Amino acid sequence: MIELRVLTPDDWRCWRELRLAALADAPYAFNSRLADWQGGGDREERWRAPLSIPGSYNLVALLDGEPAGMARGVPGAETGTAHLHSLWVSGRARGHGVADRLMRAVERWAAGSGAGRLYLGVLPGNGHAIALYRRHGFEETAAGAPGRTLPDGRREVTMSKPLASQR
Ligand SMILES: CC(C)(COP(=O)(O)OP(=O)(O)OC[C@H]1O[C@@H](n2cnc3c(N)ncnc32)[C@H](O)[C@@H]1OP(=O)(O)O)[C@@H](O)C(=O)NCCC(=O)NCCS
């Protein structure tokens, strides 16, 4: 059974545990590096910061009661937009529809908060994620949010999906 939990800043320990697992498991997928969140970078206020962004929606998924994945939605800088970030599903939980549940929840949150378009960034070569996003109706987008270039030269592809805004 898949359950979703919405986290508050006080749940930073839960977010930390899953995010460290995600960065260790899939360095090819994320802009952040594990090393940046270890040692001196592993501080409570840093973990609380993303969970404290006003209007953000921070989720963990449990599969049969065990933490199995995470994702977050953040209001975009441009009015009427939102961004999906930090999607990760643990290796043992893949192929059970956990990512589908997380994505649907973030889409519902975004539409409910008045967004008409949901954006995400994905690194080229991350075929499983790109296939998932296409299945959910995301397409590569040139306008609106140019992909970031990472310090190591990798350039994010921006994808987006129109939403039926509920405001
Ligand atoms: C992308 C991701 C969230 C998809 O998770 P998921 O819940 O398994 O997603 P899907 O339902 O789309 O998986 C479809 C199939 O691909 C398989 N699959 C998914 N990701 C896989 C991976 N990284 N490696 C091997 N197989 C994978 C699943 O097991 C499933 O197989 P099945 O159809 O035989 O059951 C997950 O692969 C992941 O966390 N990857 C690392 C982090 C990442 O890339 N995040 C996105 C950043 S933009």
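The values are calculated or read from the model by the stated rules, or taken from the named source; none is laboratory data. Just so you know, these numbers come straight off a predicted model, no measurement behind them. For neighbour counting, all protein chains shown are included, and Cβ atoms are generated from backbone atoms with ideal geometry for every residue, glycine included. Note: accessible area is taken over every heavy atom of the protein model, side chains too, but ligands, DNA and RNA are not part of it. Shrake-Rupley method; radii C 1.70, N 1.55, O 1.52, S 1.80 Å.
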Listed residues Gly144, Gly137, Gly153; which is modelled with pLDDT of 95 or more, surrounded by fewer than 16 Cβ atoms within 10 Å (Cβ to Cβ) and assigned to a loop (DSSP other than H, G, I, E, B)? Gly137
Taking the stretch 52-88 and keeping only residues that are touching a residue at least 60 places away in the same chain (Cβ under 8 Å), closer than 13 Å to Arg19 by Cα and of a type in the set (Gly, Ala, Ser), one is left with Ala68, Ser86
Whichever residue in the stretch 89-125 is under 19 Å from Arg19 (Cα atoms) and not hydrophobic (A, V, I, L, M, F, W, C) and, among such residues, is nearest to the chain's Cα centre (by Cα): Gly121
Could you check how many residues of the stretch 72-106 are under 15 Å from His136 (Cα atoms), aliphatic (A, V, I, L, M) and surrounded by 18 or more Cβ atoms within 10 Å (Cβ to Cβ)? 7
Output the qualifying pairs, or none if there are none: Cβ atoms under 7 angstrom, residues six or more apart or on different chains, first residue in the stretch 122-138 and closer than 16 Å to Ser86 by Cβ, second residue part of a loop (DSSP other than H, G, I, E, B) and open to solvent by 20 Å² or more (accessible area, probe 1.4 Å). Val122/Glu156; Leu123/Tyr28; Leu123/Ala29; Leu123/Arg154; Leu123/Glu156; Asn126/Tyr28; Asn126/Ala29; Ala129/Ala29
Requiring at least 3 residues that are more than 12 Å from the ligand (Cβ to nearest atom) and among the acidic types (Asp, Glu), the strands (runs of 3 or more DSSP E) wholly within the stretch 57-126 are none
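This table checks each residue for (1) of a type in the set (Ser, Thr, Tyr); (2) over 30 Å from Val157 (Cβ atoms).
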residue: Glu17; (1), (2): no, no
residue: Ala24; (1), (2): no, no
residue: Gln38; (1), (2): no, no
residue: Gly41; (1), (2): no, no
residue: Glu45; (1), (2): no, yes
residue: Tyr57; (1), (2): yes, no
residue: Ala61; (1), (2): no, no
So, first residue in a loop (DSSP other than H, G, I, E, B) in the stretch 28-45, second residue open to solvent by 60 Å² or more (accessible area, probe 1.4 Å) and within 16 Å of the ligand (Cβ to nearest atom), Cβ within less than 8 Å, six or more apart or across chains; the pairs are Tyr28/Gly125; Asn31/Arg148; Arg33/Pro27
Let me confirm something: among Ala49, Ala21, which residue is of a type in the set (A, V, I, L, M), assigned to a helix (DSSP H, G or I), touching a residue at least 60 places away in the same chain (Cβ under 8 Å) and open to solvent by 30 Å² or more (accessible area, probe 1.4 Å)? Ala21
